[in-house]
Amino acid sequence: MHSPSVSSVRFVGVHFKGLLARTALPPSAASHQQRGYCTGSSPVAQTSSRWATMIATATVRRLGINAPAIVVVRLLSGTANSSSTLSSTGGGAGQGSEISSWNKRKPQCREHHQLTCGQEQQAHSPFFHVQHHQQRSMSTTGAAKKGLVAVEEARRFMVDCLVKSNTPPAHAKQQADLLVEADYRGHFSHGMNRLEMYINDLHKNACNGAAVPAVLNETPATAWVDGNNGLGAVVGNFCMDLAIRKAKEVGVGWVCAKRSNHYGIAGWYTLRAMNAGCIGMSMTNTSPLASPTRSKEAALGTNPISVGAPGKDGDGFVLDMATTAVAVGKIEMQRRKNEPIPVGWAQGPDGHPTTDASVAFDTACLMPLGGTELTSGYKGYGLGAMVEVFCGVLAGANYATKIRKWTHAGADSEADLGQCFVAINPACFAPGFKGRLSDLTGILRNMPMTDPNHPVLVAGDPELHHMAMVDKEGGLAYHVNQIKTCTELSERLGVKPIEVI
């Protein structure tokens, strides 16, 4: 047994080798009615028992900086009045993760309820698992190179900038929520780093911040949507909420959109599906940045794919990946920090791999997932082309080299991106999906480790760790160059400068 310290809360003993405390939600949490997978805007609840007293936020909270392992607390499914009790699961010494078990939550049926654009589902009960400390590379930098910004301050700054750029407050909040969540989950390339590009598009009228999506054609299970050149988050939220409603009614919802814009992290939309008890899929095409195998020029975008599936009692699988070796934003971040990139991320103008972030950025020719043909890069190339079929081609949007290029200066023409959103209701298939999903993730997390300091993870675990780190540090650790960009943007737009802690 260990007794690690916790900032502002008391913690009384947890077994760090897989045995987790028994606990129940207190009556004080009874007012929380919604349930869902954690996002940065969910409220705080407190849980306590003879084992522990801890704060469960809508993210995760890392406990004890000197402990040999960390406890991750995540607000997910269930309500305070469910009388759910956390049960411990045994595990071998040194195993990386354990899934704790709550009583089966009530179905989140939203039949006959229209999900509106921008509606957020929040999380209100905790999920615990043990996870060794693992540093995420390139998520944060040393203290001398970062500025700490409170999550809500980052959101405030983004909303102010967007509103000053001809965007209605409701749409500005949707876009800001997505960007903040990207930073919060550790994807700094797709958060504040993208704000200036959105602002420039809005000022050039390449994007319409006030646009509302419209359904062009619809069946009980499908819909074709015109994003009307609106903000990507507004179009994406509308489409995924529509897909969720269809999945609740007929088992599956498949929605494609044309005339959309950059929609941020693909996982934002699959988390929305998970919050509704569905499996979610999300894909988008992007400006041409990736070379097909054997080519030295870009023809496809980073074309990301996300798949999210809810497990038992709040466990889940959240895959969010580019079909290129990395997203272009990762190269932007390395360039911003004046640091090299690994071999296999991008090509230089001669078609060969480069490690110079500036050369890679200027050449704008990423390598497909897998790298060169010798290392199976043609598989990533194939996945990227598949996304193009489901997005640009199926939606009647631009695709491949027909999509305009996009830079920090903004664009001079409409992007007309194609996007795809899918929701699947597991209740329409074999019973017990969530239990089997959690069994799968438990098997994977508990596989023998090649390095005791690096446990086996499943998709979504690195994001949990990063959110815990943000909570512990008290804010988002932005690079000083990012803070400088924000300062310049505030002066340009006449908004209150971002406050650094």
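The values are calculated or read from the model by the stated rules, or taken from the named source; none is laboratory data. Please read these numbers as outputs of a predicted model, since none were measured by experiment. Virtual Cβ from ideal backbone geometry, glycine too; neighbours counted across all protein chains shown. All accessible areas refer to the heavy atoms of the entire protein, side chains included, with ligands and DNA or RNA removed. Shrake-Rupley method; radii C 1.70, N 1.55, O 1.52, S 1.80 Å.
A few remarks follow.
- Qualifying residue in region 442-455 (condition: outside any loop (DSSP other than H, G, I, E, B), open to solvent by 20 Å² or more (accessible area, probe 1.4 Å) and within 30 Å of Ile199 (Cα to Cα)): no
- The selection criterion, being under 18 Å from Ser306 (Cβ atoms), assigned by the TED database to the domain that holds Leu242 and not in a strand (DSSP E or B), holds for Cys391.
- Residue in region 299-317 that is surrounded by fewer than 24 Cβ atoms within 10 Å (Cβ to Cβ), assigned to a loop (DSSP other than H, G, I, E, B) and in contact with a Pro (Cβ under 6 Å, 6 or more places away or on another chain) present: yes
- Of the residues contained in region 248-271, none is found to be free of Cβ contacts under 8 Å to residues at least 60 places away in the same chain, in contact with an Asp or Glu (Cβ under 7 Å, 6 or more places away or on another chain) and not in a loop (DSSP other than H, G, I, E, B).
- Count - residues of region 141-186 that are more than 14 Å from Ala210 (Cα to Cα), surrounded by 24 or more Cβ atoms within 10 Å (Cβ to Cβ) and of a type outside the set (A, V, I, L, M, F, W, C): 4
- A Cβ distance below 6 Å, combined with a sequence gap of six or more or placement on separate chains, defines the contacts here; from region 274-297, residues that are assigned by the TED database to the domain that holds Gly351 reach no residue that is open to solvent by 10 Å² or more (accessible area, probe 1.4 Å).
- Filtering Arg404, Arg436 for residues that are farther than 28 Å from Asn228 by Cα and outside the structural domain of Ser165 (by the TED database) leaves a single hit, Arg436.
- Evaluated against (1) open to solvent by 20 Å² or more (accessible area, probe 1.4 Å); (2) of a type in the set (Ser, Thr, Tyr); (3) under 30 Å from Ala427 (Cβ atoms), Ser358 falls short on exactly one condition, (3).
- Any hit, region 486-501, residues being open to solvent by less than 30 Å² (accessible area, probe 1.4 Å), part of a loop (DSSP other than H, G, I, E, B) and touching a residue at least 12 places away in the same chain (Cβ under 8 Å): yes
- Residue match in region 430-441 (condition: farther than 19 Å from Phe188 by Cβ, open to solvent by 50 Å² or more (accessible area, probe 1.4 Å) and aliphatic (A, V, I, L, M)): yes
- Residues in region 386-422 that are of a type in the set (A, V, I, L, M, F, W, C) and open to solvent by 40 Å² or more (accessible area, probe 1.4 Å): Met386, Val389, Phe390, Val393, Leu394, Trp406, Ala409.
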